[in-house]
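The values are calculated or read from the model by the stated rules, or taken from the named source; none is laboratory data. It should be emphasised that the depicted structure is a prediction, and the values quoted were computed from it without experimental measurement. With ideal geometry, Cβ positions are generated from the backbone for all residues, glycine too; neighbour counts draw on all protein chains shown.
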Amino acid sequence: MSKLDEVYSKLTIKTGAKLALVVLDGLGDLATATQGYLTPLEAARTPNLDALVRSGCAQGRLTPVAPGITPGSGPGHLGLFGYDPLEFEVGRGVIETLGLGIELKAGDVAARANFCTLNDKGLVTDRRAGRIATEICERLCRLLAAKIKKLGTTEVIIVPGKEHRFVVVFRGAGLEGPLTDTDPNREGLPIAEAKPVDLKNAKQKKVAKLIADFYKAALPLLAKEKPANGFLMRGIAHQPEIPTFEERYQLKAAALAVYPMYKGLSQLVGMTKIEGPTTIREQFERYVAEYDNYDYFFIHYKYTDKAGEDGDFAAKVKAIEEFDAALPVLLARKPDVLVITGDHSTPCSLKGHSWHPQPVLLHSAASGSDKLERFTETGSNQGSLGVLDAKYLIRHMQANAKMFDKFGA
(Lines give C-alpha, C1' and ligand atoms only; values in the text may rest on other atoms or scores of the structure.)
Protein backbone atom coordinates (compact mmCIF):
# COMPACT_ATOMS: atom_id res chain seq x y z
CA MET A 1 0.00 0.00 0.00
CA SER A 2 1.38 3.40 -0.97
CA LYS A 3 1.80 6.21 1.55
CA LEU A 4 -1.10 8.09 -0.06
CA ASP A 5 -3.35 5.03 0.14
CA GLU A 6 -2.43 4.67 3.80
CA VAL A 7 -3.53 8.26 4.41
CA TYR A 8 -6.84 7.70 2.62
CA SER A 9 -7.40 4.49 4.56
CA LYS A 10 -6.86 6.24 7.92
CA LEU A 11 -9.23 9.06 6.96
CA THR A 12 -12.05 6.82 5.69
CA ILE A 13 -15.37 6.86 7.53
CA LYS A 14 -18.23 4.48 6.71
CA THR A 15 -21.28 6.70 6.19
CA GLY A 16 -23.81 4.44 4.50
CA ALA A 17 -23.73 6.65 1.41
CA LYS A 18 -24.63 5.15 -1.98
CA LEU A 19 -22.21 5.65 -4.88
CA ALA A 20 -22.63 4.73 -8.54
CA LEU A 21 -20.15 4.73 -11.41
CA VAL A 22 -21.81 4.53 -14.84
CA VAL A 23 -19.37 3.82 -17.66
CA LEU A 24 -20.27 4.47 -21.28
CA ASP A 25 -17.42 2.53 -22.83
CA GLY A 26 -15.26 4.59 -25.20
CA LEU A 27 -17.45 7.66 -24.63
CA GLY A 28 -14.90 10.34 -25.48
CA ASP A 29 -14.60 11.52 -29.09
CA LEU A 30 -13.12 14.22 -31.31
CA ALA A 31 -14.82 17.11 -33.12
CA THR A 32 -13.66 16.86 -36.74
CA ALA A 33 -14.64 18.55 -39.99
CA THR A 34 -16.19 15.36 -41.39
CA GLN A 35 -18.54 15.30 -38.40
CA GLY A 36 -19.44 18.99 -38.59
CA TYR A 37 -17.08 19.70 -35.69
CA LEU A 38 -19.45 17.89 -33.34
CA THR A 39 -18.76 14.89 -31.12
CA PRO A 40 -21.44 12.19 -30.71
CA LEU A 41 -22.18 13.57 -27.22
CA GLU A 42 -22.77 17.00 -28.73
CA ALA A 43 -24.86 15.68 -31.64
CA ALA A 44 -27.03 13.39 -29.51
CA ARG A 45 -30.39 14.45 -28.08
CA THR A 46 -29.96 13.91 -24.33
CA PRO A 47 -32.78 15.65 -22.44
CA ASN A 48 -32.29 13.56 -19.29
CA LEU A 49 -28.54 14.10 -19.11
CA ASP A 50 -29.13 17.79 -19.80
CA ALA A 51 -31.58 18.04 -16.89
CA LEU A 52 -29.11 16.26 -14.60
CA VAL A 53 -26.36 18.72 -15.56
CA ARG A 54 -28.60 21.72 -14.96
CA SER A 55 -29.54 20.35 -11.53
CA GLY A 56 -25.93 20.87 -10.44
CA CYS A 57 -22.88 18.88 -11.52
CA ALA A 58 -19.11 19.13 -11.69
CA GLN A 59 -17.45 18.17 -14.97
CA GLY A 60 -13.92 17.52 -16.15
CA ARG A 61 -11.71 15.16 -18.14
CA LEU A 62 -9.98 11.96 -17.03
CA THR A 63 -6.55 10.80 -18.17
CA PRO A 64 -7.00 7.00 -18.17
CA VAL A 65 -3.36 5.97 -17.62
CA ALA A 66 -0.86 8.78 -18.32
CA PRO A 67 -0.63 11.55 -20.91
CA GLY A 68 -0.33 10.18 -24.42
CA ILE A 69 -0.86 6.52 -23.46
CA THR A 70 -3.73 4.76 -25.23
CA PRO A 71 -5.32 2.27 -22.80
CA GLY A 72 -6.98 -1.06 -23.29
CA SER A 73 -10.28 -1.64 -21.54
CA GLY A 74 -8.57 -3.38 -18.62
CA PRO A 75 -6.28 -0.49 -17.63
CA GLY A 76 -9.08 1.97 -18.40
CA HIS A 77 -11.45 0.35 -15.92
CA LEU A 78 -8.85 -0.42 -13.26
CA GLY A 79 -8.04 3.30 -13.24
CA LEU A 80 -11.71 4.14 -12.71
CA PHE A 81 -11.78 1.67 -9.81
CA GLY A 82 -8.81 3.50 -8.26
CA TYR A 83 -6.08 0.99 -9.11
CA ASP A 84 -3.09 2.60 -10.81
CA PRO A 85 -2.91 0.79 -14.18
CA LEU A 86 0.89 1.11 -14.17
CA GLU A 87 1.08 -0.64 -10.78
CA PHE A 88 -1.63 -3.26 -11.32
CA GLU A 89 -1.06 -4.78 -14.74
CA VAL A 90 -3.68 -7.43 -15.53
CA GLY A 91 -3.80 -9.43 -18.74
CA ARG A 92 -6.96 -9.15 -20.79
CA GLY A 93 -7.14 -12.92 -21.02
CA VAL A 94 -7.44 -13.18 -17.24
CA ILE A 95 -10.19 -10.58 -17.15
CA GLU A 96 -12.22 -12.15 -19.95
CA THR A 97 -11.81 -15.65 -18.51
CA LEU A 98 -13.07 -14.63 -15.08
CA GLY A 99 -15.99 -12.83 -16.72
CA LEU A 100 -17.04 -16.06 -18.41
CA GLY A 101 -17.24 -17.72 -15.01
CA ILE A 102 -14.08 -19.81 -15.36
CA GLU A 103 -12.07 -20.17 -12.16
CA LEU A 104 -8.37 -19.77 -12.78
CA LYS A 105 -5.97 -21.97 -10.85
CA ALA A 106 -2.45 -21.10 -9.75
CA GLY A 107 -0.18 -21.40 -12.78
CA ASP A 108 -2.93 -21.06 -15.39
CA VAL A 109 -2.19 -18.77 -18.32
CA ALA A 110 -5.21 -17.24 -20.07
CA ALA A 111 -5.58 -15.44 -23.40
CA ARG A 112 -8.41 -13.41 -24.87
CA ALA A 113 -8.90 -14.43 -28.52
CA ASN A 114 -10.73 -12.95 -31.50
CA PHE A 115 -11.79 -14.90 -34.55
CA CYS A 116 -10.46 -13.05 -37.58
CA THR A 117 -10.40 -13.28 -41.38
CA LEU A 118 -7.21 -14.26 -43.23
CA ASN A 119 -6.57 -14.01 -46.97
CA ASP A 120 -4.80 -16.68 -49.02
CA LYS A 121 -1.44 -15.15 -48.10
CA GLY A 122 -2.15 -15.43 -44.38
CA LEU A 123 -2.63 -11.70 -43.91
CA VAL A 124 -5.34 -10.39 -41.58
CA THR A 125 -8.10 -8.68 -43.58
CA ASP A 126 -10.62 -8.29 -40.73
CA ARG A 127 -9.48 -8.47 -37.09
CA ARG A 128 -13.01 -9.26 -35.90
CA ALA A 129 -14.25 -11.52 -38.73
CA GLY A 130 -17.15 -9.16 -39.39
CA ARG A 131 -18.25 -9.49 -35.74
CA ILE A 132 -19.67 -12.96 -36.36
CA ALA A 133 -22.77 -13.98 -34.43
CA THR A 134 -22.23 -15.54 -31.00
CA GLU A 135 -23.78 -18.78 -32.30
CA ILE A 136 -21.03 -19.10 -34.93
CA CYS A 137 -18.36 -18.41 -32.32
CA GLU A 138 -19.83 -21.13 -30.11
CA ARG A 139 -19.77 -23.65 -32.99
CA LEU A 140 -16.18 -22.86 -33.88
CA CYS A 141 -15.09 -23.13 -30.25
CA ARG A 142 -16.78 -26.54 -30.00
CA LEU A 143 -14.87 -27.59 -33.13
CA LEU A 144 -11.53 -26.51 -31.68
CA ALA A 145 -12.24 -27.87 -28.19
CA ALA A 146 -13.19 -31.29 -29.57
CA LYS A 147 -9.91 -31.61 -31.47
CA ILE A 148 -7.45 -29.84 -29.17
CA LYS A 149 -7.78 -31.00 -25.57
CA LYS A 150 -4.09 -31.17 -24.72
CA LEU A 151 -0.73 -30.04 -26.03
CA GLY A 152 1.73 -32.48 -24.55
CA THR A 153 0.90 -32.58 -20.84
CA THR A 154 -0.78 -29.14 -20.85
CA GLU A 155 -4.58 -29.00 -20.81
CA VAL A 156 -6.19 -26.56 -23.25
CA ILE A 157 -9.54 -25.00 -22.29
CA ILE A 158 -11.48 -23.13 -25.01
CA VAL A 159 -14.62 -21.19 -24.08
CA PRO A 160 -16.73 -18.90 -26.32
CA GLY A 161 -17.63 -15.36 -25.36
CA LYS A 162 -19.81 -12.86 -27.24
CA GLU A 163 -19.68 -12.41 -31.02
CA HIS A 164 -16.10 -13.00 -32.27
CA ARG A 165 -14.53 -13.30 -28.82
CA PHE A 166 -13.38 -16.41 -26.95
CA VAL A 167 -10.79 -17.39 -24.36
CA VAL A 168 -8.05 -20.00 -24.26
CA VAL A 169 -6.62 -21.25 -20.96
CA PHE A 170 -3.42 -23.27 -20.77
CA ARG A 171 -3.36 -25.39 -17.60
CA GLY A 172 -0.24 -27.29 -16.67
CA ALA A 173 3.07 -27.22 -14.81
CA GLY A 174 5.70 -24.54 -15.27
CA LEU A 175 3.61 -21.86 -17.01
CA GLU A 176 3.68 -18.09 -16.55
CA GLY A 177 2.83 -14.87 -18.37
CA PRO A 178 2.87 -12.29 -19.69
CA LEU A 179 3.54 -12.75 -23.40
CA THR A 180 3.18 -10.37 -26.33
CA ASP A 181 -0.02 -10.42 -28.40
CA THR A 182 -0.43 -12.27 -31.68
CA ASP A 183 -2.82 -9.51 -32.78
CA PRO A 184 -0.92 -7.21 -35.20
CA ASN A 185 -3.43 -4.44 -34.28
CA ARG A 186 -4.11 -3.56 -37.91
CA GLU A 187 -5.23 -5.24 -41.09
CA GLY A 188 -2.80 -6.18 -43.86
CA LEU A 189 -0.28 -7.89 -41.58
CA PRO A 190 0.22 -11.57 -40.66
CA ILE A 191 -0.58 -13.06 -37.27
CA ALA A 192 2.23 -12.03 -34.94
CA GLU A 193 4.33 -14.45 -32.91
CA ALA A 194 3.67 -14.58 -29.16
CA LYS A 195 6.96 -13.88 -27.38
CA PRO A 196 8.00 -13.84 -23.72
CA VAL A 197 8.03 -10.38 -22.20
CA ASP A 198 11.05 -11.56 -20.21
CA LEU A 199 13.29 -13.39 -22.67
CA LYS A 200 15.12 -15.10 -19.80
CA ASN A 201 11.93 -16.52 -18.26
CA ALA A 202 11.76 -20.28 -18.99
CA LYS A 203 8.08 -20.48 -18.00
CA GLN A 204 7.14 -17.75 -20.47
CA LYS A 205 9.20 -19.49 -23.17
CA LYS A 206 7.22 -22.66 -22.52
CA VAL A 207 3.94 -20.79 -23.01
CA ALA A 208 5.24 -19.23 -26.24
CA LYS A 209 5.96 -22.75 -27.57
CA LEU A 210 2.48 -23.90 -26.50
CA ILE A 211 0.84 -21.02 -28.35
CA ALA A 212 2.84 -21.75 -31.50
CA ASP A 213 1.76 -25.40 -31.27
CA PHE A 214 -1.84 -24.34 -30.67
CA TYR A 215 -1.85 -22.29 -33.87
CA LYS A 216 -0.36 -25.22 -35.82
CA ALA A 217 -3.18 -27.45 -34.60
CA ALA A 218 -6.05 -24.93 -34.80
CA LEU A 219 -5.58 -23.01 -38.06
CA PRO A 220 -6.03 -26.07 -40.32
CA LEU A 221 -9.33 -26.78 -38.56
CA LEU A 222 -10.59 -23.30 -39.47
CA ALA A 223 -9.13 -23.08 -42.97
CA LYS A 224 -12.42 -23.66 -44.80
CA GLU A 225 -14.52 -21.44 -42.52
CA LYS A 226 -15.84 -18.08 -43.78
CA PRO A 227 -15.28 -15.40 -42.60
CA ALA A 228 -13.70 -16.72 -39.38
CA ASN A 229 -10.77 -18.74 -40.69
CA GLY A 230 -8.20 -17.52 -38.15
CA PHE A 231 -7.84 -16.02 -34.69
CA LEU A 232 -5.74 -13.52 -32.77
CA MET A 233 -4.67 -13.71 -29.12
CA ARG A 234 -4.26 -10.83 -26.68
CA GLY A 235 -3.55 -10.29 -22.99
CA ILE A 236 -1.72 -13.60 -22.49
CA ALA A 237 -1.05 -13.70 -18.75
CA HIS A 238 -1.60 -15.35 -15.38
CA GLN A 239 -3.80 -13.97 -12.60
CA PRO A 240 -1.97 -11.51 -10.30
CA GLU A 241 -2.67 -10.86 -6.64
CA ILE A 242 -4.72 -7.69 -6.18
CA PRO A 243 -6.37 -6.12 -3.07
CA THR A 244 -10.15 -6.11 -3.10
CA PHE A 245 -12.27 -3.04 -3.67
CA GLU A 246 -13.89 -3.38 -0.23
CA GLU A 247 -10.49 -3.63 1.48
CA ARG A 248 -9.31 -0.44 -0.22
CA TYR A 249 -12.43 1.71 0.08
CA GLN A 250 -14.69 0.13 2.73
CA LEU A 251 -17.48 -0.05 0.17
CA LYS A 252 -19.50 -3.19 -0.59
CA ALA A 253 -19.59 -3.14 -4.40
CA ALA A 254 -21.71 -4.73 -7.12
CA ALA A 255 -21.29 -4.80 -10.88
CA LEU A 256 -23.95 -4.71 -13.58
CA ALA A 257 -22.26 -5.57 -16.87
CA VAL A 258 -23.29 -7.56 -19.93
CA TYR A 259 -19.99 -8.42 -21.61
CA PRO A 260 -17.68 -11.01 -19.97
CA MET A 261 -14.61 -8.80 -19.87
CA TYR A 262 -16.27 -6.19 -17.66
CA LYS A 263 -17.73 -8.85 -15.40
CA GLY A 264 -14.20 -10.22 -15.11
CA LEU A 265 -12.75 -6.83 -14.24
CA SER A 266 -15.28 -6.36 -11.46
CA GLN A 267 -14.73 -9.89 -10.15
CA LEU A 268 -10.97 -9.36 -10.17
CA VAL A 269 -11.33 -6.60 -7.54
CA GLY A 270 -13.94 -8.49 -5.54
CA MET A 271 -17.18 -6.89 -6.71
CA THR A 272 -20.31 -9.02 -6.74
CA LYS A 273 -21.43 -9.79 -10.31
CA ILE A 274 -25.17 -9.30 -10.71
CA GLU A 275 -26.21 -11.56 -13.57
CA GLY A 276 -29.28 -11.37 -15.78
CA PRO A 277 -29.82 -7.90 -17.26
CA THR A 278 -28.97 -7.56 -20.96
CA THR A 279 -30.05 -3.98 -21.77
CA ILE A 280 -29.16 -0.70 -20.09
CA ARG A 281 -32.77 -0.25 -18.97
CA GLU A 282 -32.72 -3.70 -17.36
CA GLN A 283 -29.38 -2.87 -15.71
CA PHE A 284 -30.85 0.31 -14.23
CA GLU A 285 -33.96 -1.59 -13.08
CA ARG A 286 -31.77 -4.14 -11.34
CA TYR A 287 -29.75 -1.34 -9.75
CA VAL A 288 -33.00 0.02 -8.25
CA ALA A 289 -33.92 -3.45 -6.99
CA GLU A 290 -30.48 -3.99 -5.40
CA TYR A 291 -30.07 -0.42 -4.12
CA ASP A 292 -30.25 -1.32 -0.41
CA ASN A 293 -27.84 -4.26 -0.69
CA TYR A 294 -24.66 -2.48 -1.79
CA ASP A 295 -22.75 0.75 -1.16
CA TYR A 296 -21.24 1.09 -4.66
CA PHE A 297 -22.50 0.14 -8.10
CA PHE A 298 -20.47 -0.19 -11.29
CA ILE A 299 -22.77 -0.12 -14.35
CA HIS A 300 -21.22 -0.75 -17.77
CA TYR A 301 -22.63 0.15 -21.21
CA LYS A 302 -20.72 -1.22 -24.20
CA TYR A 303 -22.33 0.14 -27.35
CA THR A 304 -20.68 3.58 -27.49
CA ASP A 305 -17.28 1.87 -27.80
CA LYS A 306 -18.52 -0.63 -30.36
CA ALA A 307 -19.79 2.17 -32.62
CA GLY A 308 -16.57 4.16 -32.19
CA GLU A 309 -14.43 1.19 -33.21
CA ASP A 310 -16.60 0.74 -36.30
CA GLY A 311 -16.16 4.45 -37.14
CA ASP A 312 -19.96 4.76 -37.12
CA PHE A 313 -20.80 8.27 -35.90
CA ALA A 314 -24.57 7.81 -36.27
CA ALA A 315 -24.50 4.56 -34.31
CA LYS A 316 -22.56 6.19 -31.48
CA VAL A 317 -25.08 9.03 -31.35
CA LYS A 318 -27.90 6.47 -31.25
CA ALA A 319 -26.20 4.51 -28.46
CA ILE A 320 -25.91 7.69 -26.35
CA GLU A 321 -29.56 8.54 -27.00
CA GLU A 322 -30.66 5.03 -26.00
CA PHE A 323 -28.66 5.37 -22.80
CA ASP A 324 -30.28 8.75 -22.12
CA ALA A 325 -33.76 7.35 -22.67
CA ALA A 326 -33.15 4.75 -19.93
CA LEU A 327 -31.51 7.17 -17.49
CA PRO A 328 -34.73 8.18 -15.63
CA VAL A 329 -34.93 4.61 -14.29
CA LEU A 330 -31.64 5.12 -12.44
CA LEU A 331 -32.47 8.68 -11.43
CA ALA A 332 -35.67 7.50 -9.78
CA ARG A 333 -33.37 6.10 -7.07
CA LYS A 334 -30.53 8.57 -7.42
CA PRO A 335 -27.39 7.62 -5.47
CA ASP A 336 -25.74 10.09 -3.14
CA VAL A 337 -22.82 10.30 -5.58
CA LEU A 338 -23.30 9.62 -9.28
CA VAL A 339 -20.51 9.61 -11.86
CA ILE A 340 -21.04 9.20 -15.60
CA THR A 341 -17.94 8.82 -17.75
CA GLY A 342 -16.04 6.52 -20.11
CA ASP A 343 -13.11 4.19 -19.54
CA HIS A 344 -11.26 5.86 -22.43
CA SER A 345 -12.02 7.70 -25.66
CA THR A 346 -12.86 5.82 -28.87
CA PRO A 347 -13.08 8.51 -31.56
CA CYS A 348 -15.09 7.53 -34.63
CA SER A 349 -12.49 9.23 -36.80
CA LEU A 350 -9.76 6.93 -35.43
CA LYS A 351 -11.84 3.72 -35.26
CA GLY A 352 -10.12 2.70 -32.05
CA HIS A 353 -9.12 3.60 -28.54
CA SER A 354 -7.12 6.79 -28.11
CA TRP A 355 -5.12 8.71 -25.53
CA HIS A 356 -7.54 11.66 -25.38
CA PRO A 357 -8.94 12.28 -21.88
CA GLN A 358 -12.56 11.18 -21.57
CA PRO A 359 -15.31 13.49 -20.23
CA VAL A 360 -16.60 12.93 -16.69
CA LEU A 361 -19.67 14.19 -14.84
CA LEU A 362 -20.02 14.05 -11.04
CA HIS A 363 -23.29 14.81 -9.23
CA SER A 364 -23.74 15.00 -5.47
CA ALA A 365 -25.07 17.36 -2.80
CA ALA A 366 -21.49 18.60 -2.42
CA SER A 367 -20.45 18.75 -6.09
CA GLY A 368 -21.55 22.33 -6.70
CA SER A 369 -22.55 23.41 -10.19
CA ASP A 370 -20.35 24.33 -13.10
CA LYS A 371 -23.38 26.16 -14.54
CA LEU A 372 -23.20 24.20 -17.78
CA GLU A 373 -26.17 23.23 -19.91
CA ARG A 374 -24.99 19.86 -21.24
CA PHE A 375 -22.53 17.01 -20.69
CA THR A 376 -20.09 17.23 -23.60
CA GLU A 377 -16.35 17.24 -24.25
CA THR A 378 -16.45 21.01 -24.74
CA GLY A 379 -18.29 21.56 -21.49
CA SER A 380 -16.03 19.17 -19.63
CA ASN A 381 -13.03 21.24 -20.71
CA GLN A 382 -14.51 24.13 -18.71
CA GLY A 383 -15.50 22.08 -15.66
CA SER A 384 -14.27 22.48 -12.09
CA LEU A 385 -12.79 18.97 -11.90
CA GLY A 386 -10.19 19.95 -14.49
CA VAL A 387 -8.08 17.19 -16.05
CA LEU A 388 -7.24 14.53 -13.48
CA ASP A 389 -5.86 11.00 -13.48
CA ALA A 390 -8.65 8.44 -13.56
CA LYS A 391 -7.14 6.62 -10.57
CA TYR A 392 -8.20 9.54 -8.34
CA LEU A 393 -11.86 9.47 -9.41
CA ILE A 394 -12.88 7.07 -6.64
CA ARG A 395 -11.32 9.44 -4.10
CA HIS A 396 -13.42 12.33 -5.43
CA MET A 397 -16.48 10.08 -5.15
CA GLN A 398 -15.63 9.20 -1.55
CA ALA A 399 -15.03 12.84 -0.68
CA ASN A 400 -18.40 13.82 -2.16
CA ALA A 401 -19.96 11.04 -0.07
CA LYS A 402 -18.34 12.69 3.00
CA MET A 403 -16.34 9.54 3.69
CA PHE A 404 -13.10 11.30 4.67
CA ASP A 405 -12.24 12.76 8.05
CA LYS A 406 -10.16 15.96 8.15
CA PHE A 407 -6.43 15.55 7.55
CA GLY A 408 -4.30 17.13 10.24
CA ALA A 409 -5.14 19.68 12.92
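Points worth noting:
- Test for GLU135: is it closer than 21 Å to GLY101 by Cα, outside the structural domain of PRO260 (by TED's automatic domain parsing) and part of a helix (DSSP H, G or I): yes
- Residue in segment 272-293 that is out of contact with any strand residue (DSSP E or B) (no Cβ under 9 Å at 6 or more places or on another chain), within 24 Å of PRO178 (Cβ to Cβ) and either part of a loop (DSSP other than H, G, I, E, B) or among the small types (Gly, Ala, Ser) (or both) present: no
- Criterion: under 26 Å from the mean Cα position of the chain (by Cα), under 23 Å from LEU78 (Cα atoms) and either buried (at least 18 other Cβ atoms within 10 Å of the Cβ) or basic (Lys, Arg) (or both) - qualifying residue of LEU41, LEU19: LEU19
- Scan of segment 191-217 for residues that are in a helix (DSSP H, G or I), farther than 17 Å from GLY93 by Cα and in contact with a strand residue (DSSP E or B) (Cβ under 7 Å, 6 or more places away or on another chain), ordered by number: LYS205, ASP213
- Positions within segment 240-255 being touching a Gly at 6+ places or on another chain (Cβ under 8 Å) and touching a residue at least 40 places away in the same chain (Cβ under 8 Å), in sequence order: PHE245, ARG248, TYR249, ALA253
- Within segment 254-268, the set of residues being among the small types (Gly, Ala, Ser) and either touching a Lys or Arg at 6+ places or on another chain (Cβ under 7 Å) or on the phi > 0 side of the Ramachandran plot (or both) comprises ALA255, ALA257, SER266.
- The residue pairs whose first member lies in segment 103-127 and is surrounded by 23 or more Cβ atoms within 10 Å (Cβ to Cβ), whose second member is in a strand (DSSP E or B) and among the acidic types (Asp, Glu), and whose beta carbons are closer than 8 Å, counting only pairs six or more residues apart or on different chains, are CYS116/ASP126.
- Going through (1) closer than 18 Å to GLY28 by Cα; (2) part of a loop (DSSP other than H, G, I, E, B); (3) at pLDDT 95 or above; (4) not aromatic (Phe, Trp, Tyr) one by one, GLY82 falls short only on (1).
- For segment 317-400, the strands (runs of 3 or more DSSP E) that sit wholly inside it and include 3 or more residues that are closer than 19 Å to TYR303 by Cα and under 24 Å from the mean Cα position of the chain (by Cα) are 337-341, 358-364.
- Single residue of segment 149-173 satisfying the filter (among the aliphatic types (A, V, I, L, M) and not in a loop (DSSP other than H, G, I, E, B)) that is farthest from ALA208 (Cα to Cα): VAL159
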